[in-house]
Amino acid sequence: MSHSPLARRVCLILISLAVCNTAMADSRPLTSLEGKTMGTFYSVKISGDLPEDKAHLQQEIDALLEQANNDISTYREDSILSRFNRYQGNDPQPIPGGMADIILVAQRIGRATDNAMDITVGPLVNLWGFGPQKQPVTIPTQAQIDDARQRVGLQHLTLTSNSKGEWLQKDLPSLYVDLSTLGEGYGADQLAQLMTRKGITNYLVSVGGAISSRGVNGQGMPWRVAIQKPTDKENTVQAAVDLQGYSISTSGSYRNYFEQDGKRYSHVIDPSTGHPINHTLVSATVIAKTALEADGWDTGLMVLGTEKALKVAEQHGLAVYLITKTDSGFATVMTPQFKAFLQQEAKP
Ligand code: FAD
């Protein structure tokens with residue numbers, strides 16, 4: 001069984017508890033804007049007075065996210081990224097600054113996770129039926145996996161910049177860059193920057209499961225979000241954090257998968273095996289300065305599994321919360337950096 005894209009994304013891993021903080025000391029107007037983008041949903045919550053008409057603000061938000069889709073969507077044939085993926089030569093190709101920012105972060109996190117997070121994993125994602133091509137779900141043969149793995153590797157991608165702009169180059173004609181795992185974080189950061197440009201200082205913005213925040217909510221309290229229990233049936237809160245101006249993102253293996261012969265195949269692929277991840281870590285949440293960072297790290301940690309993920313988190317001082325499946329249910333573990341944000345935690 002596999003969830004439809006819409007169903008699995010309605011049940012966001014991160015549930016906004018923006019208006020649920022306890023104290024009611026202060027009360028300000030709260031504006032909520034919502035819409036669709038990147039095959040999922042965006043949400044903007046602003047506390048305090050709006051500097052402009054709500055409808056106009058929504059238009060600007062939609063235009064900004066439309067631009068992000070036109071730049072980095074592999075679901076649009078005419079996006080800049082899709083054109084780069086189709087290009088069969090090895091000359092540097094011009095790319096927008098925002099896309100260069102994403103690739104720079106991806107390269108850094110790729111190195112830090114020993115290529116567990118690898119934005120060139122697209123041929124394997126597509127082979128397993130989780131990409132835009134959405135092939136019928138069948139288990140690929142080892143020969144198909146080996147063939148796709150030949151076309152994967154961050155070392156084949158070079159990012160350069162000069163006075164004329166940013167450039168992306170590949171030394172394998174069939175290299176396929178997939179920014180799906182970072183796009184939501186990038187989108188949330190873009191929304192946050194738009195708010196800041198407009199002088200809005202209290203907001204909680206999200207695209208899919210990536211959230212950015214600043215300031216306080218309608219009650220003058222820190223914005224609070226919840227991490228969902230990793231089941232595919234209910235929206236039950238596992239833990240809640242106050243963001244304190246930080247960003248958060250969760251990667252999970254329990255929402256987007258298919259089942260065959262009683263076995264689950266997750267959409268998160270381990271580039272070192274060419275197979276979907278097959279370990280007990282089911283949810284990785286990261287809090288970071290930007291949603292792009294958080295969104296990149298959570299996928300890398302998901303691929304690594306609990307033990308290696310904790311080591312990497314320790315090395316890089318990351319705020320991380322991991323949920324692992326056990327025989328009797330779930331177990332959780334967090335880094336000290338994460339604990340500083342934690343407000344409540346349910347028994348796993
Ligand atoms: P995450 O856990 O954040 O990432 C998992 C995804 O990353 C996988 O689905 C795969 O694509 C990729 N991945 C798997 N393994 C790895 C790895 N080891 N390293 C790096 N990446 C990996 N979906 C639609 O159905 N329709 C659309 O029109 C559509 N448009 C989109 C436009 C944009 C700009 C973007 C960024 C995404 C779009 N998507 C679309 C995809 C979708 O909404 C999600 O972004 C995607 O499913 C991944 O987000 P996630 O939070 O579910 O998973």
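Sorting Glu77, Glu166 by accessible area puts them as Glu77, Glu166; the probe is 1.4 Å, largest comes first, and only protein heavy atoms count. At the listed q of 0.19 Å⁻¹, the Debye profile of region 182-271, built from one uniform point per Cα, gives log10 I(q)/I(0) equal to -0.93. Note on the chain: with a GNM built from Cα contacts shorter than 10 Å, the maximum mean-square fluctuation among Asp327, Asp295, Asp49 falls on Asp327.
If R0 is 22 Å, what FRET efficiency do you get for Gln155 and Asn278 from their C-beta distance, rounded to 0.05? Efficiency, rounded to the nearest 0.05: 0.30. With a cut-off of 10 Å between beta carbons, the residues surrounding Glu77 carry a summed charge of +2, where Lys and Arg count +1 and Asp and Glu -1. Compared with the direct C-alpha span, the chain from Ser328 to Asp147 gains 61.3 nm at full extension, assuming 0.36 nm per residue. Diffusion coefficient of region 76-180 by Stokes-Einstein, Kirkwood radius over Cα pairs, 25 °C, 0.890 mPa s: 170 µm²/s.
The trypsin sites (Lys or Arg not before Pro) of region 167-269 that DSSP puts in a loop, and whose beta carbon has at most 14 other beta carbons within 10 Å, are Lys233. Rolling a 1.4 Å probe across all protein chains gives Tyr321 an accessible area of roughly 0 Å². A viscosity of 0.890 mPa s and a temperature of 25 °C, combined with the Kirkwood radius over C-alpha pairs in the Stokes-Einstein formula, give the chain a diffusion coefficient of 119 µm²/s.
For Trp128, the solvent-accessible surface computed with a 1.4 Å probe is close to 0 Å², ligands and nucleic acids excluded. What is the diffusion coefficient of region 168-224 in µm²/s, taking the Kirkwood radius over Cα pairs and the Stokes-Einstein relation at 37 °C with a viscosity of 0.692 mPa s? In µm²/s, the coefficient is 248. Across the chain, Cα pairs under 8 Å and at least six residues apart give a relative contact order of 20 percent. What the chain shows is 44 Å² of accessible area per residue, with the surface traced by a 1.4 Å probe over protein heavy atoms. Look at the alpha carbon pairs under 8 Å that are at least 6 residues apart: their mean separation over the length of region 76-180 gives a relative contact order of 38 percent.
Mean-square fluctuations from a GNM of the chain, with a 10 angstrom spring cutoff on Cα atoms, peak among Met38, Met302, Met117 at Met38.
Using the crude model of +1 on Lys and Arg Cβ and -1 on Asp and Glu Cβ, and no other charge, please compute the dipole size for the chain relative to its Cα centre, in debye to 20. So the dipole magnitude of the chain works out to roughly 400 debye. Among residues other than Pro94 with Cβ under 13 Å from its Cβ, the summed charge is -1 (Lys and Arg +1, Asp and Glu -1).
The values are calculated or read from the model by the stated rules, or taken from the named source; none is laboratory data. These numbers come from a predicted model, not from an experiment. Note that each Cβ is placed from the backbone with ideal geometry, even for glycine, and that neighbours are counted across all protein chains shown. Areas reflect the complete protein model, heavy atoms only, side chains present, ligands, DNA and RNA absent. Shrake-Rupley method; radii C 1.70, N 1.55, O 1.52, S 1.80 Å.
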